[in-house]
Amino acid sequence: MHAAASQSEIVKSTKLSKLYAGKAVVNKLDLTIDSGCFCGILGPNGAGKTTTLRMLVGHCPMDSGELSILGLAMPENASLVRESIGVVPQMDNLDADFSVEENLYVYGRFFGLSSVVLKERTKELLEFASLEEKAKCKISELSGGMRRRLTLARALINKPKLLILDEPTTGLDPQARQAIWQKLRELKKQGLTLILTTHYMEEAERLCDRVIVMDQGEIMADAAPKELIKGEIESHVLEVHAASEALLEQLRCDSSIARFEKSGDICFFYGEKLNHALEVLEESSHDDYLFRPANLEDVFIKLTGRDLRE
Amino acid sequence: MSKLARVWLFLARSQSIWSRHIRVWSKLAGPSLMGNFGEPVLYLLVLGYGLGQFVGEVEGLTYMAFLASGVACTSAVNAASFEGMYSAYTRMEVQQTWLGMLATPINVGEVVFGEILWAATKSLISVSAILIVSMVLGLIADGWALFILPVAFLTGLCFASLALVVTSSAKSYDFFLYYSTLFITPMVLLSGVFFPIDTLPNAVQWLSKVLPLYHAISLVRPLMTGGELTSVFLHLFVLATFGSAAATLATYRIKKRLIR
Ligand SMILES: Nc1ncnc2c1ncn2[C@@H]1O[C@H](COP(=O)(O)OP(=O)(O)O)[C@@H](O)[C@H]1O
Ligand SMILES: [Mg+2]
């Protein structure tokens, strides 16, 4: 591989596959992520997001295909690669036996960093994570959001070039989530390459330059969030709740409706203007409806379906 | 990277794991050390005194002196086994500490070796406490007893590795009871801790001689009581062989369990 290519291509996979019990959980994935990109991976539960990330750090042997990270072939160079990446795992694994500060210190020692270096970095990172006040606290005394911020700070102890985050904000309240977002934006500004998985469309929409929608181990769509909404779906959605069959029949006469879906007692009409349908609704006494621009969630549902995934 | 540099890196990373463990231990060193001193004192005084009245001399030693070396070896076994099973399992499954370590340049082999080093250190701490107690009780013959420490460490390495093999296939803490009940306890009863094994039927003697604890005791007892050391290399060889075979197997199995 050319030096130039390895500089800009942080992640490169070709036909990367992983099978569990004969079933492809990651299926011939071709993925290239350039330096400085903030890449979001969206997908329902079981789509293969975590498995993909685990392959990136060498925690999951691949069944076929090729993968290189930072220009180094995986999994042979996993240990070397991990010197330059940071990982925020889906499940917290902070060290409950240690204080906040010690968590950073001990983790840094695993990278072979010296005490002197770590003293300084610990201070910087506590500040970055807004945890200076909690430096001496036990992990059990931290809120969910603080734990996540500490896990993030810990992942930065080795000054990584690539940061991998597996559902970093799942289970957090809106304030805590926004605090994490703000930290991630700062990191992006510093030129770090980030890969994040999430269930929250809003998160991907606000943070990422590039969104990959994944389902059943395959890439369903891959573009900037705005492009995705523009390219994959009609511009507007009309949601009508609990309408009678007769009314729905009338609404469906609108020739500008491109697509129609029913989920429970909600009907979704997709299209550009939907003038006729809106007129019908205005004239009827039914006022339980919503007309809005399409968003990433609509794209997601279109690509991955409405079925529940457990 | 040269071979030497690679070995050095392996040791340095294992050592960083060992440091993490000793850091945790030092926070609770007080109660932990009390256990290390308290238990052997109780065993030696109660069993040595009480049973000693009936038993009289064993192999030319007071019963308490005979027992002390057995208790030392047993505690090395127990300390390393507990660490290699309950504590290691907690870090592997419950707290996912290992997974955290594996997100750094550290590999499975280094995690496992770090655990083994630490568990053997626990054996060393525990045996040191027993030696101090034994010295106070006048059960130590001479300075040769200091060589018990490296033997205790080796015994710890051996039993920590065996315990990690068990841990590598454990589904819950209950699983460890099989190993304790079916392996450790019978071995302790049959390896010459409480009585010399030549009172046992021949077949049972052979069984105890293929298990590592007997070999630890064969080294520790003469070192402690000033007796004659025999077959030193054989004893060391058995402990080292069990240890390295188990460590290799444990690494292989834990890798399969975590990296899948
Ligand atoms: N270690 C494993 N053994 C067997 N199946 C697994 C294992 N890890 C994940 N899977 C399966 O692979 C699929 C994808 O899982 P995962 O990558 O965790 O999905 P996601 O993170 O997108 O929710 C799921 O169906 C899951 O059950
Ligand atoms: Mg996941």
- Query: Before we move on, is A:Gln216 open to solvent by 20 Å² or more (accessible area, probe 1.4 Å), within 16 Å of ligand 1 (Cβ to nearest atom) and over 13 Å from A:Leu296 (Cβ atoms)?
  - Reply: yes
- Message: Can you find a residue that is farther than 28 Å from A:Asp209 by Cβ, in contact with an Asp or Glu (Cβ under 8 Å, 6 or more places away or on another chain), surrounded by fewer than 14 Cβ atoms within 10 Å (Cβ to Cβ) and in contact (Cβ under 8 Å) with a residue 12 or more places away in the chain anywhere in the stretch A:292-303?
- Response: no
- Item | Identity of the residue in the stretch A:236-259, surrounded by fewer than 18 Cβ atoms within 10 Å (Cβ to Cβ) and at pLDDT 90 or above, that ends up nearest to A:Thr50 (Cα to Cα) | A:Glu239
- Message: Tell me whether the stretch A:161-171 contains one or more residues that are out of contact with any Phe, Trp or Tyr (no Cβ under 7 Å at 6 or more places or on another chain), assigned to a helix (DSSP H, G or I) and either modelled with pLDDT of 95 or more or crowded, with 19+ Cβ neighbours inside 10 Å (or both).
- Response: no
- Inter-residue pairs, beta-carbon under 9 Å, first over 16 Å from A:Phe110 (Cβ atoms) and in the stretch B:7-31, second open to solvent by less than 50 Å² (accessible area, probe 1.4 Å) and part of a helix (DSSP H, G or I), 6+ apart: B:Trp25/B:Ser32; B:Trp25/B:Trp118; B:Trp25/B:Thr121; B:Trp25/B:Lys122; B:Trp25/B:Ile125
- Taking the stated definitions as given, is B:Ile254 within 14 Å of another protein chain (Cβ to nearest Cβ) and part of a helix (DSSP H, G or I)? yes
- Please name all residue pairs, on different chains or six or more residues apart, with Cβ atoms under 6 Å, provided the first residue is in the stretch A:40-55 and is closer than 21 Å to A:Ala224 by Cα and the second residue is near ligand 2 (Cβ under 8 Å from one of its atoms). A:Ile41/A:Lys49; A:Ile41/A:Thr197; A:Gly43/A:Lys49; A:Lys49/A:Thr197; A:Leu53/A:Asp166
- Could you please find all residues in the stretch A:262-299 being modelled with pLDDT under 90, of a type in the set (Gly, Ala, Ser) and not in a strand (DSSP E or B)? A:Gly264, A:Ala277, A:Ser284, A:Ser285
- Which condition number does A:Gln175 fail, the rest of (1) part of a helix (DSSP H, G or I); (2) at pLDDT 95 or above being met? (2)
- Of the residues that sit in the stretch A:1-20 and are modelled with pLDDT of 95 or more and of a type in the set (A, V, I, L, M), which one is surrounded by the most Cβ atoms within 10 Å (Cβ to Cβ)? A:Ile10
- Residue check for A:Arg148: within 13 Å of another protein chain (Cβ to nearest Cβ), among the basic types (Lys, Arg) and within 24 Å of the chain's Cα centre (by Cα): no
- Query: Of all residues in the stretch B:12-57, which are within 14 Å of another protein chain (Cβ to nearest Cβ) and in contact with a Leu (Cβ under 9 Å, 6 or more places away or on another chain)?
  - Reply: B:Ser14, B:Gln15, B:Ile17, B:Trp18, B:His21
- Message: Of all residues being within 25 Å of A:Met214 (Cα to Cα) and among the charged types (D, E, K, R) in the stretch A:260-291, which is least open to solvent (accessible area, probe 1.4 Å)? Just the residue, please.
- Response: A:Glu261
- Looking only at the stretch A:115-137, count how many residues are in a loop (DSSP other than H, G, I, E, B) and more than 25 Å from the chain's Cα centre (by Cα). 3
- Any chance the stretch A:62-85 includes a residue that's within 16 Å of ligand 2 (Cβ to nearest atom), modelled with pLDDT of 95 or more and open to solvent by 10 Å² or more (accessible area, probe 1.4 Å)? no
- Message: Please verify whether A:Arg154 is of a type in the set (Lys, Arg), buried (at least 21 other Cβ atoms within 10 Å of the Cβ) and either more than 14 Å from chain B (Cβ to nearest Cβ) or not in a helix (DSSP H, G or I) (or both), treating the condition exactly as stated.
- Response: no
- Task: Name the helices (runs of 4 or more DSSP H) wholly inside the stretch A:1-107 in which the number of residues that are within 13 Å of chain B (Cβ to nearest Cβ), touching a strand residue (DSSP E or B) at 6+ places or on another chain (Cβ under 9 Å) and more than 14 Å from ligand 1 (Cβ to nearest atom) is 2 or more.
- Result: A:78-82
- Out of curiosity, is B:Met135 open to solvent by 40 Å² or more (accessible area, probe 1.4 Å) and either more than 14 Å from every other protein chain (Cβ to nearest Cβ) or farther than 30 Å from B:Gly227 by Cβ (or both)? yes
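The values are calculated or read from the model by the stated rules, or taken from the named source; none is laboratory data. This one's a predicted model, so the numbers in the text were calculated from it and none came from an experiment. Note that we place each Cβ from the backbone using ideal geometry, even for glycine, and neighbour counts take in every protein chain shown. Surface areas here come from the heavy atoms of the whole protein model, side chains and all, with no ligands, DNA or RNA. Shrake-Rupley method; radii C 1.70, N 1.55, O 1.52, S 1.80 Å.
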